[in-house]
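Have a look at the structure below before the remarks.
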Amino acid sequence: MVYCISADLVDDHLAMGESQAICMKRFAVAIVRVFDEEYLRAPNDQDTTRLLDYNNARGFSVCSSLAAARRRSSDVAAGMSGVAAAAQIGDFLAKKPYTPPSWASHLSLAPSHTFSLGVFPTPIHKWNLPNLPEGTEVWIKRDDLSGMQLSGNKVWKLEFLLSEAVAQGADCVITVGGIQSSHCRATAVAAKYLNLDCYLILSTSKLLVDKDPGLVGNLLVARLLGAHIDLVSEEEYGKIGSVALADLLKKRLVEEGRKPYVIPVGGSNSLGTWGYVEAVREIEQQIQLSGDVQFDDIVVACGSGGTIAGLALGSKLSSLKAKVHAFSVCDDPEYAYDCLQGLIDGLQSGLDSRDIVTIEDAKGLGYAMNTTEELKFVKDIAVATGIVLGPVNSGKGVYGLLKDMSSNPAKWKGRKVLFIHTGGLLALYDKVDQLSSLAGSWRRMDLEESLPRKDGTGKMF
């Protein structure tokens, strides 16, 4: 029996405007996953007959025959890597046509184009978290690795939002967030990639609103990129709201002859929701290409709602069919359900938010505020697994997940869980005072008095 890459997956990417070489690169991973028989592998054996000659109709050379399917994996991988390397040049930051996944084609407001801003696909790997219920496996999708400056979940949304901004002729973008907003930093990076100015409205303490905000964490990156920063107090933000604040700045910029495009808090509107609809397509492809993993649950931290809207819709409509759990880090669950409903209603999904996701409270002291226990948890997970979580979103999400697993082990027993790491590492720099007593130990090295100097190879001082 011979297994091949799913034709539907290739079709989706050809429809998106990807070249044959890019498609080959994207699916090369399937070819190097070779079992003892050295066959190619795909989701099921129903595709066997029709897929053997699938490539012939489209000019692919992946597996034109049984003999090709039996080809040594090293030979195939070498050939693919050459094609992939050549195809990479010019693909990053390119604008390309977008076609939704077939299972999402009925949704409204489908984007026509997207910009390639992120480093995708992001890897999925097993995560050896401590103290899991019996038989429970946790895996992690590393969307924190979606780019160095652009890391995190916001990249998925910005690929669509900034495509619309450019299509509308904008010369600058406006967005709103907290003083250490990862979304605002990511927006500043992505905007500059596309030669757009960026204006950030950031809320901070009333004691600090009239002072220089400093060069820490996300702020450092945003300010290095030349983002224009307007500070408001948290009280002013709560009273006026993000929409009115953005509209005020937009009016002033228009009066100056600028053409601003407003991106909502967290990039969360119906267009931004398409970001994680597309992310579900990527997860679906990764599962199909691996062939041996299926997830029962998907877990993510929930902030402004766009990520969870796309994940919940995608899991419901696609082949994933995993239960989606969100841990809300800034609002009560009821408010989060209402926000989510508005986003999916904008896509005319016809679904009820409470039917496609379970939302639990994980905000603790409040948005971007942490207890010592929460920060110690982030540190302990880093020591135990090598994964650094952000203190604002992903850290609270995993903290809430493991608390729920401890309180309700039967609920999670024997399940395969996929956690979406949404980034946020840079916000830890704003927590150094709280972290100082928790960080790893250090000492001055004890040197022997008569220790002789040794010269080695290489540049050693």
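Using a Debye calculation, one point per C-alpha and no hydration shell, please list log10 I(q)/I(0) for segment 306-458 at q = 0.10, 0.12 Å⁻¹ in order.
Those come out to -0.48, -0.62, one per q.
If you average 1/r across every pair of different Cα atoms in segment 391-461 and take the reciprocal, what Kirkwood value do you get, in Å?
Numbers: mean 1/r = 0.0575 Å⁻¹.
One over the average 1/r among Cα pairs gives 17.4 Å for segment 391-461.
In nm, to one decimal, how far is the Arg443 label point from the Ala244 one, both placed 7 Å along Cα→Cβ?
With each label placed 7 Å out from Cα toward Cβ, I get 5.9 nm.
Heavy atoms of the protein only, probe of 1.4 Å, neighbouring chains included. What is the accessible area of Lys321 in Å², nearest 10?
The accessible area comes out at roughly 130 Å².
Give me the compactness ratio for segment 109-148, meaning the Cα radius of gyration over 2.2 N^0.38 Å. List each step's numbers first, then the result.
Numbers: Rg = 15.6 Å, N = 40, 2.2 N^0.38 = 8.9 Å.
Dividing the Cα radius of gyration by 2.2 N^0.38 Å gives 1.75.
Given the C-alpha centroids of segment 397-461 and segment 331-386, what is the distance between them in whole angstrom?
23 Å
Using the Karplus curve 6.51 cos²θ - 1.76 cosθ + 1.60 with θ = phi - 60°, work out ³J(HN,Hα) for each residue of segment 341-351 in order, rounded to whole Hz, and write x for Gly and Pro.
Rounded to whole hertz, the list is 4, x, 5, 6, 5, x, 9, 6, 6, x, 10.
Calculate one ³J(HN,Hα) per residue across segment 263-276 by plugging θ = phi - 60° into the Karplus curve 6.51 cos²θ - 1.76 cosθ + 1.60, and present them in order as whole Hz with x for glycine and proline.
9, x, 3, x, x, 9, 9, 5, 5, x, 4, 4, x, 8
Using a 1.4 Å probe and counting only protein heavy atoms, arrange Arg223, Arg281 so the residue with the most accessible area comes first. Present the calculation step by step, with values, prior to reporting the outcome.
Values: Arg223 80, Arg281 5 Å².
Ranked from most to least accessible, the order is Arg223, Arg281.
Tell me, in nm to one decimal, what length is gained between Asn128 and Asp352 on full extension, where the rule is 0.36 nm per residue of separation less the Cα-Cα distance? Present the calculation step by step, with values, prior to reporting the outcome.
Working: separation 224, 0.36 × 224 = 80.64 nm, distance 3.40 nm.
Result for the pair: 77.2 nm of gain on full extension.
Note down the accessible area of Val216, probe 1.4 Å, to the nearest 10 Å².
Answer for Val216: close to 60 Å² accessible.
Please list Val417, Val293 in order of solvent-accessible area, largest first, computed with a 1.4 Å probe with all protein chains present. Can you show the working numbers first?
Values: Val417 0, Val293 20 Å².
Greatest to least solvent exposure: Val293, Val417.
Work out from phi, with θ = phi - 60° and the Karplus expression 6.51 cos²θ - 1.76 cosθ + 1.60, the ³J(HN,Hα) of each residue of segment 222-238, listed in order in whole Hz, and give x for Gly and Pro.
Couplings: 4, 6, 4, 7, x, 5, 7, 10, 10, 9, 10, 6, 4, 5, 5, 4, x Hz.
Based on the Kirkwood radius over alpha-carbon pairs, what is the Stokes-Einstein translational diffusion coefficient of segment 136-211 at 20 °C with 1.002 mPa s viscosity, in µm²/s? Working shown, then result.
Details: Rh = 13.8 Å.
Taking Rh from Cα pairs, D becomes 155 µm²/s.
Amide H to amide H, which residues 5 or more places from Ile229 or on other chains are under 5 Å from it, using H placed in the peptide plane?
Leu200
Note down the Stokes-Einstein diffusion coefficient of segment 222-342 in µm²/s, whole number, using a Kirkwood radius over alpha carbon pairs, 37 °C, and 0.692 mPa s.
Values: Rh = 16.9 Å.
The Stokes-Einstein estimate is 195 µm²/s.
What base-10 log of the normalised intensity I(q)/I(0) is obtained for segment 153-266 from the Debye formula, alpha carbons as equal point scatterers, at q = 0.13, 0.19 Å⁻¹?
Rounded to two decimals, the profile gives -0.44, -0.96.
With the cut-off at 15 Å, report for segment 298-354 the share of all Cα pairs above it, as a whole percent. Could you put the intermediate results ahead of the total?
Details: 653 of 1596 pairs.
Roughly 41 percent, rounded to a whole number.
Would you kindly find the accessible area of Ser233, with a 1.4 Å probe and non-protein molecules such as ligands, DNA and RNA excluded, rounding to the nearest 10 Å²?
Here the accessible area works out near 10 Å².
Based solely on C-alpha atoms, express the radius of gyration and the Dmax of segment 332-381 in angstrom.
Cα-based Rg and Dmax for segment 332-381 come out at 15.1, 43 Å.
Could you pull out every residue, at least 5 positions away or on a different chain, whose amide H is within less than 5 Å of the one on Val299? Hs are placed 1.01 Å off N in the peptide plane, and Pro or chain starts have none.
It is His325, Leu418, Phe419, Ile420, by chain and number.
Name the GluC sites (Glu not before Pro) in segment 239-330 that are in a loop by DSSP and that have at most 16 other C-beta atoms within 10 Å, would you?
Glu256
The values are calculated or read from the model by the stated rules, or taken from the named source; none is laboratory data. If you're wondering where the values come from, they're calculated on a predicted model, not measured in any experiment. With ideal geometry, Cβ positions are generated from the backbone for all residues, glycine too; neighbour counts draw on all protein chains shown. Accessible surface areas use protein heavy atoms only, side chains included; no ligands, DNA or RNA. Shrake-Rupley method; radii C 1.70, N 1.55, O 1.52, S 1.80 Å.
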